[in-house]
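To keep things clear, I will list the structure first and then write my remarks on it.
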Amino acid sequence: MSSRPTVLLVDDEARTLDLLGAVLEHQGLATTLAKSPQDAIRLLRTIEFDAVVTDVVFDGFAEGSLVLAAARDLQPRAVVVLMTGFPDVEAAVAAMKAGAVDYLKKPVDPIVLAAFIHRALQEKQVEKDDLAFADLVEILSSMVAHTIERVDPYTAGHGSRTRKYCRLLAQSLGLEVKRIERLELAAIAHDYGKIYLDDLSFLTKNGPLTDAEFLAVQRHPVLGAKKLGHHPQLAEVRRVIAEHHEKWNGTGYPHKLAGADISQPGRILAVAEVFDSLATKRSYKDVWPLERVVELFVNGRGTHFDPDVIDAWLPMLEEHGARWIRQPMADLEAAGLSVQA
Ligand SMILES: [Fe+2]
């Protein structure tokens with residue numbers, strides 16, 4: 001792949017095509033425009049693309065499938081994304097079976113589309129035979145994070161930010177490199193169990209959870225840990241994921257562990273995860289101001305949180321807190337999601 005990935009963009013609405021094309025160019029993608037499936041197929045015969053993004057319905061006919069079929073036939077390595085104004089499950093499943101990577105509902109936010117293409121291209125690299133193992137782990141990690149964020153889009157970037165705070169805290173507390181690496185994996189995947197909850201609707205509902213919903217949500221740490229299998233190298237990662245909602249004083253969940261019965265990485269993740277959650281607007285709450293967040297950590301020292309972790313954390317908040325508290329908003333905006341929704 002060249003430094004600027006190449007994208008064939010197909011849509012019969014000239015304004016949409018121009019707008020999407022301009023933004024994709026601005027977002028680092030070399031874009032070629034086609035205003036009909038026939039134009040697109042002609043281009044697919046002559047130029048190689050990394051990605052093909054096509055409308056589904058042209059002038060009332062579902063000719064996007066022609067573009068999809070031609071792309072699969074002529075350029076099997078290209079990522080294909082469909083844009084559709086009439087998404088229904090059957091059509092989506094049929095498109096996936098025909099080789100589309102994914103589909104977006106119209107109107108498509110150009111910034112979301114650009115992020116979507118970059119992500120699909122990054123994930124596609126998993127298929128490379130000569131990929132270094134460390135790069136493979138990075139890609140798989142972001143795939144896990146994106147899966148969780150798809151279930152609850154308002155958590156966009158939560159995994160990678162939590163990972164960063166965990167790494168900084170662990171370094172400051174002197175954890176050895178191997179343990180920091182495992183903690184970082186746990187930080188990315190800590191909410192993975194959420195995607196296996198029976199009912200996902202209340203993750204994004206407005207207002208507080210009912211008792212029954214809260215009980216159901218409490219299953220996610222153990223569910224997530226279980227889904228990581230049995231490999232001994234992941235034993236500590238599983239443990240930390242299972243522990244991320246435990247509290248120092250034994251009032252957390254799922255096992256009401258207390259003090260040193262919670263692993264040190266688990267105690268670090270608990271602090272980092274709470275910070276980023278408070279800094280994030282969720283469907284049920286607004287962002288907390290930094291002063292209130294600091295107060296929560298000060299008051300939670302020795303009750304909710306490990307005092308040693310808090311002693312390492314407060315100076316970091318003093319130095320970086322004002323910037324970090326705004327980061328989730330910036331990430332949401334970059335993902336094209338309105339923070340007012
Ligand atoms: Fe969680």
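Please treat every number below as a calculation from the coordinates, not as lab data. Not measured: the values here are computed from a predicted model. Cβ atoms come from the backbone with ideal geometry, glycine included; neighbour counts cover every protein chain shown.
Treat every Asp and Glu Cβ in the chain as -1 and every Lys and Arg Cβ as +1, leave all other atoms uncharged, and give the resulting dipole magnitude about the Cα centre to the nearest 20 debye. Please report the intermediate quantities before stating the final value.
On the way: 38 positive and 48 negative charges, 110 e Å.
Charge dipole, the chain, about its Cα centre: 520 debye, nearest 20.
How many times 2.2 N^0.38 Å is the alpha carbon radius of gyration of the chain? Please list the in-between numbers first.
Values: Rg = 22.3 Å, N = 341, 2.2 N^0.38 = 20.2 Å.
The chain yields a ratio of 1.11.
Give the aspartates and glutamates reachable from K35 as a straight Cα distance under 15 Å; neighbours fewer than 8 places away on the same chain don't count.
D11, D12, E13, D18, D55, D59, E63
Using helices alone, I'd like the mean residue ellipticity at 222 nm for the chain: each DSSP H run of four-plus residues gives -39500 (n - 2.57), total over residue count, nearest 500.
Numbers: 15 runs with 181 residues, N = 341.
Helices in the chain give a 222 nm mean residue ellipticity of -16500 deg cm²/dmol.
Name the lysines eligible as straight-distance cross-link partners of K285: C-alpha to C-alpha under 24 Å, and not fewer than 8 places from it in the same chain.
Straight-line reach from K285, under 24 Å: K164, K194, K205, K247.
Explain nothing, just compute: Karplus ³J(HN,Hα) = 6.51 cos²θ - 1.76 cosθ + 1.60, θ = phi - 60°, for every residue of the stretch 157-163 in order, whole Hz, x for Gly and Pro.
After applying 6.51 cos²θ - 1.76 cosθ + 1.60, I find x, 4, x, 6, 5, 4, 4 Hz.
Principal axis lengths of the stretch 133-334 from Cα atoms, whole Å, largest first?
Projected onto its principal axes, the Cα set of the stretch 133-334 covers 40, 39, 36 Å.
May I ask you to derive the relative contact order of the chain, considering only C-alpha pairs under 8 Å and at least 6 residues apart, and to give it as an integer percent? Display every interim value, and only then the final one.
Values: 512 pairs, mean separation 41.1, N = 341.
For the chain, the relative contact order is 12 percent.
Using a/c under 1.5 as the rounded threshold, could you call the stretch 6-127 rounded, prolate or oblate? The axes a ≥ b ≥ c are square roots of the C-alpha gyration tensor eigenvalues, and prolate needs a/b larger than b/c, oblate otherwise. Don't jump to the answer; show the numbers that get you there.
Details: a/c = 1.14, a/b = 1.05, b/c = 1.08.
Rounded shape, in that the Cα axes give a/c under 1.5.
In the stretch 28-66, which trypsin sites (Lys or Arg not before Pro) are in a loop and have at most 11 other Cβ atoms within 10 Å, using DSSP for the loop call? Mind dumping the intermediate values first?
Values: sites: K35, R42, R45; in loops: K35.
Sites meeting the loop and neighbour criteria: none at all.
So what is the relative contact order for the stretch 133-334, in percent, with contacts set as C-alpha pairs under 8 Å and at least six apart? List each step's numbers first, then the result.
On the way: 286 pairs, mean separation 44.2, N = 202.
With pairs under 8 Å counted, the relative contact order is 22 percent.
Using a/c under 1.5 as the rounded threshold, could you call the stretch 25-79 rounded, prolate or oblate? The axes a ≥ b ≥ c are square roots of the C-alpha gyration tensor eigenvalues, and prolate needs a/b larger than b/c, oblate otherwise.
On the way: a/c = 1.83, a/b = 1.28, b/c = 1.43.
Note, shape of the stretch 25-79 comes out oblate.
Please list, ordered by chain and number, the residues whose modelled amide H lies under 5 Å from the amide H of T32; skip anything fewer than 5 residues away on the same chain.
Placed amide hydrogens put V7, L8, L9 under 5 Å from T32.
Which is the longest stretch in the chain that no exposed loop site breaks, taking sites as GluC sites (Glu not before Pro) with a DSSP loop state and at most 16 other Cβ atoms within 10 Å? Working shown, then result.
Values: sites that count: E13, E48, E176.
The longest such stretch corresponds to 177-341.
Within the stretch 238-318, which chymotrypsin sites (Phe, Trp or Tyr not before Pro) sit in a loop by DSSP and count at most 16 neighbouring Cβ atoms inside 10 Å?
On the way: sites: W248, F275, Y284, F297, F305, W313; in loops: W248, Y284.
Loop-located and lightly packed - Y284.
Go through the stretch 64-77 residue by residue and turn each phi into a ³J(HN,Hα) via Karplus (6.51, -1.76, 1.60, θ = phi - 60°); whole Hz please, and just put x for glycine and proline.
Those phi angles translate into x, 5, 5, 5, 4, 4, 5, 5, 5, 6, 8, 9, x, 7 Hz.
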